[in-house]
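The values are calculated or read from the model by the stated rules, or taken from the named source; none is laboratory data. The structure displayed is predicted, hence computed values, not measured ones. A quick note on method: Cβ atoms are made from the backbone with ideal geometry, for glycine too, and the neighbour counts reach across all protein chains shown. Remember, those area values only see protein heavy atoms, side chains included, never the ligands or the DNA or RNA. Shrake-Rupley method; radii C 1.70, N 1.55, O 1.52, S 1.80 Å.
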Amino acid sequence: MPKELTLTLTPEQAARQEVYIPLAARMVGVQPGQIALARIVRRSIDARRKLQVLLTLELFIDDERPPEPVRLELRPVDHAAPVVVVGCGPAGLFAALRLIEEGYKPILVERGKEVGARKTDIAAINRNGQVDPDSNYAFGEGGAGAFSDGKLFTRSKKRGDHHRALHILLQHGADPSILYDAHPHVGTDRLPGIIARIRQTIIEAGGEVCFGQRVTDLIVKDGRCLGVICGDTTIEGRAVILATGHSADDIYMMLHRRGVPLQAKPFAMGVRVEHPQTLIDTIQYRLPSRGDHLPAATYQLVAQVGGRGVYSFCMCPGGHIVPAMTSASESVVNGMSTSGRNSLFANAGIVAEIRPADWAHLDGQHGPLAGLVLRQQFEQAAREHGGAAQIAPAQRLTDFVAGRPSSALPRTSYPPGVAPSQMEQWMPPFISEALRGGFVDFGRRMRGFLTDQAQIVGVESRTSSPVRIPRDGASLMHPAIEGLFPSGEGAGYAGGIISAAVDGDRSALATARYLKAHNNK
Ligand SMILES: Cc1cc2nc3c(=O)[nH]c(=O)nc-3n(C[C@H](O)[C@H](O)[C@H](O)COP(=O)(O)OP(=O)(O)OC[C@H]3O[C@@H](n4cnc5c(N)ncnc54)[C@H](O)[C@@H]3O)c2cc1C
């Protein structure tokens, strides 16, 4: 059995094996030479009093060996029963891998382009604010996960599944540190390569990937879903896994039009706040500079304002704010960083809970899509108050809190640029009041956070899905349409890359169970 122990180290010591391995050897009473392998199980930074790194190691002594890593058990599926998987995001890709392991042929149907070609469209949004509605930060191979920050943290309690997903990413080129870092991170520069290699694995096993195919309808015969329609093309399979993400408004509208039962669900919206990274480092590490051995500092903040939760979301240290809209008529921002996390800026979504009472006025006309309509209205209002070519509305943080306009704005990482806007004049008051209260609270708890060096950029609205596509808890199938398996973030069962991947995996297992019970017919 390997021995596990936690060392409390300075950042310099934690960066050097030749320092921490002898320390660990001494603690377990062996010679350093007897340690065959010291595997980092967890690494976290504690800056509450004295700055220290907590390094948990697993020590394999003499001839002990670590267990074999999780491996995909792929088999050729060229002639196997086909299953249609809509969406090449984390949920769709991981569903496809599991279907192959279960002996089914996944046919991935994706509205966007392959991840390499997608880069040109991403560059066009950044440079001239040109938004291709099928190829952008949300749509295309890799889904919203491709040009994301690539933080792989999940609160999922299902550690086994979570580890499997991390191991699969590792096999496709992610850094081994994702297995042990307390807050694993891949970076937007490395994600596209990993995604392209996962596609290669799927194709080599006999799966198919159809790009440029936007699903416009389902094929339903005698109450059973047997494929999808993409304009003039039909794509058939024995079942359909629907993993279209939370930005596919058209999919929710198509399902609603068809009379498929849907449910509105709580979500969260707000803004993205941006600070100089050096300021966040100084606040969090209480050092004039973070030096060579500490990562760009992060924060996580939560407050209750008049009974409404306000919290930081997807914090990106050393990152960039990016234009994450799927249509030119919306202003939507999000955040990402490269593996080096070395930009001059720190950004995070600061969002307020959105609850059923907030969209009650839209219920009568829009039913289960009322939350979605509220989101669209918020994003469109932000667009109207920004500038041409996706310039986003922005306000100095201290001006927003004081309720006054900003005459000038700090520098930003947001590629299309920002224009001053008095945000509370067009935001629903329940959002602006909650955000204002949240910022005041955060400023008290993190001295220096509430500063005129920071600005807020609008709007952060795609935190999770405003609609749930219901599914039966045991079969994971839609209760009204046999053979339809709603999956991932868009269906309302995941939030983030890893939880979407894990949900895709579960949906594929459920699909395989269903098909096996029907003799694969
Ligand atoms: C900029 C940015 C940064 C992010 N950073 C992080 C992070 O650091 N960590 C983290 O965990 N999460 C992050 N996220 C969120 C994360 O990317 C999502 O939670 C995750 O991708 C959801 O996976 P999914 O497979 O359920 O859906 P998606 O990734 O949204 O994939 C859905 C797929 O379906 C396709 N599709 C949609 N409609 C149709 C249609 N009609 N026909 C055919 N195909 C369709 C889309 O093109 C897309 O490829 C970030 C998101 C963004 C935008």
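Yes/no matrix, rows are residues, columns are (1) under 15 Å from Val209 (Cα atoms); (2) in the same structural domain as Arg197 (by TED's automatic domain parsing); (3) within 32 Å of the chain's Cα centre (by Cα):
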| position | (1), (2), (3) |
| --- | --- |
| Ala25 | no, no, no |
| Val30 | no, no, no |
| Gln34 | no, no, no |
| Ala47 | no, no, yes |
| Leu51 | no, no, yes |
| Val70 | no, no, yes |
| Val86 | yes, yes, yes |
| Leu97 | yes, yes, yes |
| Tyr104 | yes, yes, yes |
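The rows are residues; the columns are (1) touching a residue at least 24 places away in the same chain (Cβ under 8 Å); (2) under 20 Å from Thr463 (Cα atoms).
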{"residue": "Val260", "(1), (2)": "yes, no"}
{"residue": "Thr278", "(1), (2)": "yes, no"}
{"residue": "Thr282", "(1), (2)": "yes, no"}
{"residue": "Arg286", "(1), (2)": "yes, no"}
{"residue": "Arg290", "(1), (2)": "no, no"}
{"residue": "Val302", "(1), (2)": "no, yes"}
{"residue": "Pro323", "(1), (2)": "yes, yes"}
{"residue": "Thr338", "(1), (2)": "yes, no"}
{"residue": "Gly349", "(1), (2)": "yes, yes"}
Query - Residue tally, condition part of a loop (DSSP other than H, G, I, E, B) and open to solvent by 30 Å² or more (accessible area, probe 1.4 Å), over region 42-71 - result: 14
**Report entry** Extreme residue, nearest to the chain's Cα centre (by Cα), among residues of region 471-490 that are over 16 Å from Arg238 (Cβ atoms) and either open to solvent by 10 Å² or more (accessible area, probe 1.4 Å) or not assigned by TED's automatic domain parsing to the domain that holds Glu236 (or both)
**Finding:** Glu489
Report task. Would you kindly identify the strands (runs of 3 or more DSSP E) lying entirely within region 198-282 that contain at least 1 residues that are open to solvent by less than 20 Å² (accessible area, probe 1.4 Å) and assigned by TED's automatic domain parsing to the domain that holds Ile350? Result -> 267-276
Report summary line: Residue count, region 327-350, condition part of a loop (DSSP other than H, G, I, E, B), within 13 Å of the ligand (Cβ to nearest atom) and open to solvent by less than 10 Å² (accessible area, probe 1.4 Å), comes to 2
Query raised in the report: Do we find a residue being in contact (Cβ under 8 Å) with a residue 60 or more places away in the chain and under 26 Å from Ala297 (Cα atoms) anywhere in region 18-31?
Result: no
Report summary line: Checking Gly103, Gly193, Gly116, Gly187 in turn, the sole residue that is part of a loop (DSSP other than H, G, I, E, B) and away from the ligand (no atom under 11 Å from the Cβ) turns out to be Gly103
Requested in this report: Determine whether region 125-134 contains at least one residue that is more than 23 Å from the chain's Cα centre (by Cα), of a type in the set (Lys, Arg), outside the structural domain of Gln200 (by TED's automatic domain parsing) and surrounded by fewer than 22 Cβ atoms within 10 Å (Cβ to Cβ).
Outcome: no
Requested in this report: Have a look at Ala388, Ala434 and point out the one that is touching a residue at least 60 places away in the same chain (Cβ under 8 Å) and open to solvent by 50 Å² or more (accessible area, probe 1.4 Å).
Outcome: Ala388
Requested in this report: Scan region 158-168 and give yes if some residue there is basic (Lys, Arg), within 19 Å of the chain's Cα centre (by Cα) and within 15 Å of the ligand (Cβ to nearest atom), otherwise no.
Outcome: no
